[in-house]
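Heads up, the thing below is written out as structure tokens.
The values are calculated or read from the model by the stated rules, or taken from the named source; none is laboratory data. All values derive from a computational prediction rather than experimental measurement. All Cβ positions, glycine included, derive from the backbone under ideal geometry; neighbour counts span all protein chains shown.
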């Protein structure tokens, strides 16, 4: 089962929930049936889960996009490549062909359309993906190189690399980035459930609505909410969830001990072990919702 | 000469918008200001500035491929050439998932039956509003749309034009989290970036990456440590790191629930209540002002 942890607003506790869910269900724990969860840090712009899980990364790979390289023996400077490129990533100026890697989406259309087969593609590295293990958790993360704009290709390749084609009962947890744009969509695509972590404030609610629009309304995925720092703001999130029939699956109170542990990179369940049971119950509740929904569909 | 200040953080939820709203309030008491919310996927500045919309415009984002089922012969070439897994086979015709499609037109050019068209996407809206601190340019990118960088650029350019036209001295840009495309768009042309960081291991890790990004694009940086007293040792660690990199820490804002209270009341914290937070933000604004707007400093850059 694939669970994506998202939020809309940043800093609401996505990584806290994703990390502690994984730790509470890790092999060796009294788990709810899923051994050896697979954890993917998909916030490739600012990946933080490793700071808490402290995995040993055993394997690294450079990733990027295939960008065009022109063979000037064959190029006739006809300009067809520039004409078909929707991103203005290739330009023909007199007897020169300019490629702009940061604009290229790696679609390969220029290669396919070149009448003289003068274009082949080479890898333009924009980041790395790595995987390893820690205490009964298979861990993987993507990292966008500083100065590079495009996060999506890294998330896409990370998922392809580590998620088995038929995960079945295997628990896969994806920690998404904040926001609601393309990197978040890529992190949610293919999930069985999206767990929204929010805080009960006007900002939290505003961005939760937007994230629900993406997950539930656009992608058609079931969603549930974790209210973090419960008690800090107002009742807006509760009222919204009730009106929209979105289940609130867990509440984590505003607690200075939790904030202090977080600030040191210490997982919540290490400081307050009683939370393990709550995260296991959270997983059980998600599993029931996913099974019920599959039943209802079939 | 108008100056452009962008508020960034790398990590989300560190208090960018809280700081931006406070600076909007404080700066507007001293000079004419234009505001731009460049976090177009989750725009929050409007929630604390009580804006009154004056203009509303559609935003055409990228395009997506659409397959005409009448013309499709299910040859499957479109799915073969698509590198974004956006085309899936169907019984009668292939279909395109608009959320996965990046509008590259590869399928459009390869389809032997001319069954594919490209349709422009109405991807969002942008607005000009009045607030009591100055005009606000903001936007809303529709759920799951691409091209947030393009919409960020548009909102910022509109703000910039307005600032130049009206002789405003400061364009204040509330940026998005992360270090990727929308952040790069929000930082382009900025005279200075203010990074809002929290004293946590994640905050420190993410600060290094966002500083790397602004350095890469040649934007000078200042740092504000929010919730500074949450972990004093980490706070000192960040200050030492900044000193080593030659980046000035212009403010240390204490943790106080008054920040959330102000948000619930829809106001900048500095406008909502006096106290240690408001005091720290006031001192910070003076330091930013000195560095950003004084001619003496300008020459150094």
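Miscellaneous remarks
- Within region B:128-150, one or more residues are part of a strand (DSSP E or B) and on the phi > 0 side of the Ramachandran plot.
- The set of residues in region A:219-234 that are within 12 Å of another protein chain (Cβ to nearest Cβ) and more than 17 Å from residue A:3 (Cα to Cα) comprises A:228, A:229, A:231, A:232, A:233, A:234.
- Selection from region B:163-184 of residues that are in a helix (DSSP H, G or I) and surrounded by 24 or more Cβ atoms within 10 Å (Cβ to Cβ): B:163, B:181, B:182, B:183
- Verdict on residue A:237 being in a helix (DSSP H, G or I), in contact (Cβ under 8 Å) with a residue 24 or more places away in the chain, more than 10 Å from chain B (Cβ to nearest Cβ) and within 17 Å of residue A:14 (Cβ to Cβ): yes
- Selection status of residue B:151, in contact with a strand residue (DSSP E or B) (Cβ under 8 Å, 6 or more places away or on another chain) and not assigned by TED's automatic domain parsing to the domain that holds residue B:11: no
- Residue tally, condition without any contact (Cβ under 8 Å) to a residue 12 or more places away in the chain, assigned to a loop (DSSP other than H, G, I, E, B) and facing chain A (nearest Cβ under 10 Å), over region B:238-270: 2
- Helices (runs of 4 or more DSSP H) contained in region A:18-137 and holding at least 1 residues at the interface with chain B (Cβ under 10 Å from one of its Cβ atoms) and without any contact (Cβ under 8 Å) to a residue 60 or more places away in the chain: A:80-84, A:109-113
- All positions within region A:89-119 that are exposed (fewer than 13 other Cβ atoms within 10 Å of the Cβ) and within 23 Å of residue B:79 (Cα to Cα): A:115, A:117
- The set of residues in region B:149-187 being over 10 Å from the mean Cα position of the chain (by Cα), more than 11 Å from every other protein chain (Cβ to nearest Cβ) and without any contact (Cβ under 8 Å) to a residue 60 or more places away in the chain consists of B:157, B:161, B:165.
- Test: residue in region B:51-63 that is surrounded by fewer than 20 Cβ atoms within 10 Å (Cβ to Cβ), closer than 24 Å to residue A:112 by Cβ, modelled with pLDDT of 95 or more and touching a strand residue (DSSP E or B) at 6+ places or on another chain (Cβ under 9 Å): no
Okay, residues lined up against (1) in contact with a strand residue (DSSP E or B) (Cβ under 8 Å, 6 or more places away or on another chain); (2) surrounded by fewer than 19 Cβ atoms within 10 Å (Cβ to Cβ); (3) in the same structural domain as residue B:133 (by TED's automatic domain parsing); (4) on the phi > 0 side of the Ramachandran plot:
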{"position": "B:227", "(1), (2), (3), (4)": "yes, no, yes, yes"}
{"position": "B:231", "(1), (2), (3), (4)": "no, no, yes, no"}
{"position": "B:234", "(1), (2), (3), (4)": "no, no, yes, no"}
{"position": "B:248", "(1), (2), (3), (4)": "yes, yes, yes, no"}
{"position": "B:252", "(1), (2), (3), (4)": "yes, no, yes, no"}
{"position": "B:258", "(1), (2), (3), (4)": "no, yes, yes, no"}
{"position": "B:269", "(1), (2), (3), (4)": "no, no, yes, no"}
{"position": "B:273", "(1), (2), (3), (4)": "no, yes, yes, no"}
{"position": "B:279", "(1), (2), (3), (4)": "no, yes, yes, no"}
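- Condition met for residue A:184 (within 24 Å of residue B:175 (Cα to Cα), within 12 Å of chain B (Cβ to nearest Cβ) and touching a helix residue (DSSP H, G or I) at 6+ places or on another chain (Cβ under 6 Å)): no
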